[in-house]
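Structure first, then comments.
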Number of protein chains: 2
Amino acid sequence: MKTDTGAIGVLGGVGPYAGLDLMRKIFDQTKANCDQDHLSVIQFSLSEHIIDRTRFLLGETDENPGEAIGEIMVRMANAGATVIGVPCNTAHSPRIMDQAVAMLHEAAPQVRFVHMIDSVIDFIRERLPQARTIGVLSTKGTYATGLYQDALGKAGFTALFPDDAGRERVQQAISNTSYGIKAQSNPVSPQARADLYAEAEKLVEQGAEAVILGCTEIPLALTEPDVRGVPLLDATNVLARALIVAFAPDRLKKDA
Amino acid sequence: MKTDTGAIGVLGGVGPYAGLDLMRKIFDQTKANCDQDHLSVIQFSLSEHIIDRTRFLLGETDENPGEAIGEIMVRMANAGATVIGVPCNTAHSPRIMDQAVAMLHEAAPQVRFVHMIDSVIDFIRERLPQARTIGVLSTKGTYATGLYQDALGKAGFTALFPDDAGRERVQQAISNTSYGIKAQSNPVSPQARADLYAEAEKLVEQGAEAVILGCTEIPLALTEPDVRGVPLLDATNVLARALIVAFAPDRLKKDA
C-alpha cells in the first residue's frame, strides 16, 4: 500500500463551510459509483490562523492573510497535494494571493495553483460568449480591490455591482455575527437569503446577463440555477470542475 | 505566522461523504461566530487507496484496509493532526482498526485516536442509563464482526439487529451501485431512505429503546432525531463531539 500518489488540495477555512462546499462539489462532479472511484482530496481548514480578508483589503489591519495562506499551501504540498484551490474570492485579490502563490511556487514549484477567478472568466467565455454585462455579488473587500472589475474588463465584459447600500446588504448577509452566513449556515438564515436574492434580482433588472456568486458563502444561500432565467454562476462549482480537470480530466462528470 | 499548532484530523474517504459529514458536524458543534472562532481541522480523503471494509471482513479479499488507514493516520499526524477520528463504523472492527492504530501509535505515540464505537457506548451510558435494548443498523461487515454486539454486551446492553433479509436491505441501501447512498447521496435516493426507515421502525416495534445509526452513511438518509419517539443515535455526531472534547473541550457547543 502506497497512499502518497498525489491529491487535490482544498485550502479551507475561508470560511470553513466554503471549504466543505468545495470538497462536496469535487465529489459531486466526479464520475463515481463506489468509494474507490473517488479522487484523493486533502483539506486543511485552519481558519483561526487566517485573518479576515476584507479587513486587510479595507486597511483595517496590516497583517496580510496571504502569508498564512501561503504557509498552509506549502504544508498541503508537503502533505501530498499536487493541485491546490482556495474557495474564497476575496483571498484572490492580488495583494493577498500574489504573496501566497509566490510562497507556494518557491517551496513547491511542481504544484499547480488553480485560480478561481480565472476559472470563472474562462467559464463565461466558453458558455456565454454573447454576454456583455456580468453582475457580481461579493464582499466589500472583493469590490474595493477591483478583482472582478479587472478580470471581467480584461476579458471584454462589463462588471455590474449593487450600489453602496446594496453592497453593504450583501456584506452583512455574509458576515453579520447574528444572521450572516458565516455565523449561521446550516441552515442559512431567511434574512441572509432574502437580501442576497433581492440584490441578484436588482442586477438582473439592470441588465446583467449572468450573475457571479463572487463570494463562496453565497452559493450556500442561493442554490437555484438562475434568477428570472438569468444564470447564477457558482464560483465554487466552477473551481471544483477546474480542479478535477487539472488533476484527472477523464474523471470529470459531464455537465448537467 | 505559525499555522502548525495542532488540528483535529478527519480520516475521510470511508466513504467520502461521511468524511464531509463529520467535518461539518465538528463545525456545527463548535462555538463560533466568525471564521477565526473555528477549530483547525485537516481531512485526508484518499478513498481510492482504502479497499472495501465489508469485503475484507466477509473474507472476499485478503488485503486488510487497516494497513492503508494506518498509513494515512501517520501521514495526518505528520501533517499536524493531534487527535484523529475515522467516520466509518465498519473500519472500527478490531481486525481492521487494531492494525491501523498500532501503526499510528508506533509512528506518532503523542497523537490521540478517538474511537467512535467507544464514544457511542459512553454516550448511551450517560444519556440513556435506563435503556437495556439498543437497536443497530449497520453494514453486513459490521454485523459479521460482532463489533456492536461485543461493545454493547460488555457495557450491559443487549444489541438488536434486523433479521437476515433486513440486514441485506440495509446493506443495499448503503452500497447498491444504483440507489445506494455511496452511489447517490446528494440527495439520497427515496428507496435507500425508505428501506432504512422501515428497518429502524421494525427495531422499535421489537423493543429497541434507542437505535444506533451504525454506519456513517445512514445519517445522510435518516436525519430526524427519532422514530416514533425512540432516539436515533448518529454515531458521526457523537464522534464529532468527542473529537472537540479531546482537542478543545471549552469550545464544545452545549447540546441541543
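The values are calculated or read from the model by the stated rules, or taken from the named source; none is laboratory data. No experiment lies behind these values; they were computed from the predicted model shown. For neighbour counting, all protein chains shown are included, and Cβ atoms are generated from backbone atoms with ideal geometry for every residue, glycine included. These area figures cover heavy atoms from the full protein model, side chains too; ligands, DNA and RNA do not enter into them. Shrake-Rupley method; radii C 1.70, N 1.55, O 1.52, S 1.80 Å.
With a cut-off of 15 Å between beta carbons, the residues surrounding A:ASP52 carry a summed charge of -3, where Lys and Arg count +1 and Asp and Glu -1. Here the extension length gained between B:GLN36 and B:ARG132 equals 30.3 nm, from 0.36 nm per residue of separation less the Cα-Cα distance. Ranked from shortest, the separations from the 7 Å Cα-to-Cβ label point of B:THR5 to its equivalents in the other copies are 3.8 nm.
Interface of A with B. Using a 1.4 Å probe and counting protein heavy atoms only, the two chains hide about 4400 Å² of accessible surface, both sides summed.
For A:PHE113, the amide hydrogen comes within under 5 Å of the amide hydrogens of A:ILE84, counting only partners 5 or more places away or on other chains and with H modelled in the peptide plane. Under the classification rounded if a/c is under 1.5, otherwise prolate if a/b is larger than b/c and oblate if not, where does the stretch B:95-227 fall, given a ≥ b ≥ c as square roots of the Cα gyration tensor eigenvalues? It comes out oblate by the Cα gyration axes. Counting Cβ atoms of other protein chains within 10 Å of each Cβ in B:64-72 and taking the mean gives 2. Taking a ≥ b ≥ c as the square roots of the eigenvalues of the alpha-carbon gyration tensor, the stretch B:37-162 is classed oblate because a/c is 1.5 or more while a/b is no larger than b/c.
Excluding same-chain neighbours fewer than eight residues apart, the aspartates and glutamates reachable from A:LYS154 by a Cα-Cα span under 17 Å are A:ASP118, A:ASP122, A:GLU126. Solvent-accessible surface, computed for protein heavy atoms with a probe of 1.4 Å, shrinks by 40 Å² or more for the following residues of the stretch A:47-62 when the other protein chains are added to the isolated chain: A:SER47, A:GLU48, A:HIS49. For chain B, the longest principal axis of the C-alpha atoms and the axis of helix B:16-28 are separated by about 70°. Distances, shortest first, from the label point of A:GLU106 to those at the same position in the other copies read 3.9 nm; the point lies 7 Å along Cα to C-beta. Residues of the stretch A:1-34 whose accessible area (probe 1.4 Å, heavy atoms of protein chains only) drops by at least 50 Å² once all protein chains are present, relative to their chain alone: A:MET1, A:THR3, A:PRO16, A:TYR17, A:LEU20, A:ARG24, A:PHE27, A:ASN33. Relative to the longest principal axis of the Cα atoms of chain B, helix B:235-247 runs at roughly 20 degrees.
Highest average first, the peptides B:236-245, A:133-142, B:155-164 ordered by how many other beta carbon atoms sit within 10 Å of their residues are A:133-142, B:236-245, B:155-164. Taking a Cβ cut-off of under 15 Å around B:PRO129, the surrounding Lys, Arg, Asp and Glu residues balance to a net charge of 0, with basic ones at +1 and acidic ones at -1. Based on the Stokes-Einstein relation at 25 °C and a viscosity of 0.890 mPa s, and on the Kirkwood radius from alpha carbon pairs, the protein assembly as shown is assigned a translational diffusion coefficient of 104 µm²/s. When chain A is treated as a Gaussian network with alpha carbon springs shorter than 10 Å, the biggest mean-square fluctuation among A:ARG95, A:ARG167, A:ARG228 belongs to A:ARG228. Rolling a 1.4 Å probe across the protein heavy atoms gives the stretch A:158-208 an accessible surface of 45 Å² per residue. For the cross-link pairs A:LYS25/A:LYS202; A:LYS25/A:LYS140; A:LYS31/A:LYS254; B:LYS2/B:LYS253, the ones whose C-alpha atoms lie over 18 Å apart are A:LYS25/A:LYS202; A:LYS25/A:LYS140; B:LYS2/B:LYS253. Within the accessible surface of the protein assembly as shown, defined with a 1.4 Å probe on protein heavy atoms only, the carbon and sulfur portion equals 47 percent. For chain A, the alpha-carbon radius of gyration amounts to 0.97 times the rule-of-thumb value 2.2 N^0.38 Å expected for a compact globular protein. Measuring from centroid to centroid over Cα atoms, what is the spacing of the stretch B:51-73 and the stretch B:142-204 in Å? Value for the Cα centre distance between the two parts: 20 Å. Here is how far apart the A:GLY207 label points are across copies: 7.6 nm, shortest first, using a point 7 Å from Cα toward Cβ. The long axis of helix B:94-107 is offset from the longest Cα principal axis of chain B by roughly 10 degrees. Net length available on complete extension from A:THR61 to A:ASN78 is 3.2 nm, with 0.36 nm assigned per residue and the Cα-Cα distance removed.
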